[in-house]
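Encoded as structure tokens, the structure appears first; notes follow it.
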Amino acid sequence: MSSPASRPAPRRRQGRPPVVADARERILLEASKLFAQSGYESSSIGELAAAIGVSKPAIYHYFATKQDIYDAIILQALQGLTDAVVPAVDAQPAPLDKLRVFMTAHAAYLEHNYWSFVAMLVGFSGMSPSYRDDASRLRDAYERLLRQILEQGAREGVFRPGQIVTSGRAVLSLLNWMARWFKPGHGSTAEQIALDYFELLSAGLCVRPAATS
């Protein structure tokens, strides 16, 4: 009969991976950086785990697949953008002020959530079908808000009528394209750049008083 000292130590029962503080948010933040810098296809769960300082099973404890992480980033970015811009716009009664605040709040969100915003713009078309409908609803509601601002301005005689669709595309193109070249912490803030854009656009959008002879 073997002595207690010679018996093999009992195997430790494997439990869940260690819990990371604010794990889900940290995973999404680091994944946003990774996907935005390296691209979705070139990024791996192993690289993501290394960036956070955890094991791959710790990542899979919160997200089943890499695609699930990307879908969550896009949905969070769209919802966050909506939550930041809509109350700011609603607080302004005049359409010109609504447009100004729409643009500056959009740009401020881009700057403060730079990596997730870039990842969202790049990855929207690659979302899984199960989440794409939710993302499309958020995007469409956001674009509808901008159209409503422009339509209000046209009704009140502030903006030129008949240019709602083109003007809306111009506004969003200017704002979203900033993500291609803007770098937080370098030069002007995104909000200041958006204000400059607003002044350029409003000069062309606003109805000019008739010339007097």
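Assuming residue 179 fulfils every condition listed in (1) surrounded by 16 or more Cβ atoms within 10 Å (Cβ to Cβ); (2) over 30 Å from residue 35 (Cα atoms) apart from one, which condition is it?
So the condition that residue 179 fails would be (2).
Do we have any residue at all in the stretch 114-129 that's farther than 25 Å from residue 193 by Cβ, touching a residue at least 12 places away in the same chain (Cβ under 8 Å) and part of a helix (DSSP H, G or I)?
Among the residues of the stretch 114-129, at least one is farther than 25 Å from residue 193 by Cβ, touching a residue at least 12 places away in the same chain (Cβ under 8 Å) and part of a helix (DSSP H, G or I), which makes the answer yes.
(1) of a type in the set (A, V, I, L, M); (2) surrounded by fewer than 19 Cβ atoms within 10 Å (Cβ to Cβ); (3) more than 11 Å from the chain's Cα centre (by Cα): which one isn't true of residue 122, the others all being true?
(3)
Taking the stretch 154-202, which residues are touching a residue at least 40 places away in the same chain (Cβ under 8 Å), among the small types (Gly, Ala, Ser) and in a loop (DSSP other than H, G, I, E, B)?
157 - this is the single residue of the stretch 154-202 that is touching a residue at least 40 places away in the same chain (Cβ under 8 Å), among the small types (Gly, Ala, Ser) and in a loop (DSSP other than H, G, I, E, B).
Return only the number of the condition from (1) more than 14 Å from the chain's Cα centre (by Cα); (2) within 23 Å of residue 190 (Cβ to Cβ) that residue 138 does not satisfy.
(1)
Consider residue 40 carefully, then state whether it is outside any helix (DSSP H, G or I) and either loosely packed, with under 15 Cβ neighbours inside 10 Å or not polar (S, T, N, Q) (or both).
Against the criterion (outside any helix (DSSP H, G or I) and either loosely packed, with under 15 Cβ neighbours inside 10 Å or not polar (S, T, N, Q) (or both)), residue 40 qualifies.
Considering only the stretch 73-117, state which residues are within 22 Å of residue 35 (Cβ to Cβ), aliphatic (A, V, I, L, M) and crowded, with 21+ Cβ neighbours inside 10 Å.
Scanning the stretch 73-117 gives 73, 74, 77, 78, 81, 107, 110.
Provide a single number: the residues in the stretch 137-172 that are out of contact with any helix residue (DSSP H, G or I) (no Cβ under 8 Å at 6 or more places or on another chain), at pLDDT 95 or above and under 24 Å from residue 119 (Cβ atoms).
3
In the stretch 196-213, how many residues are surrounded by fewer than 16 Cβ atoms within 10 Å (Cβ to Cβ) and modelled with pLDDT of 70 or more?
Within the stretch 196-213, residues that are surrounded by fewer than 16 Cβ atoms within 10 Å (Cβ to Cβ) and modelled with pLDDT of 70 or more number 5.
The values are calculated or read from the model by the stated rules, or taken from the named source; none is laboratory data. Computed from a prediction, not measured in an experiment: that's the story for all the values here. Every residue, glycine as well, gets a Cβ built from its backbone with ideal geometry; the counts of neighbours run over all protein chains shown.
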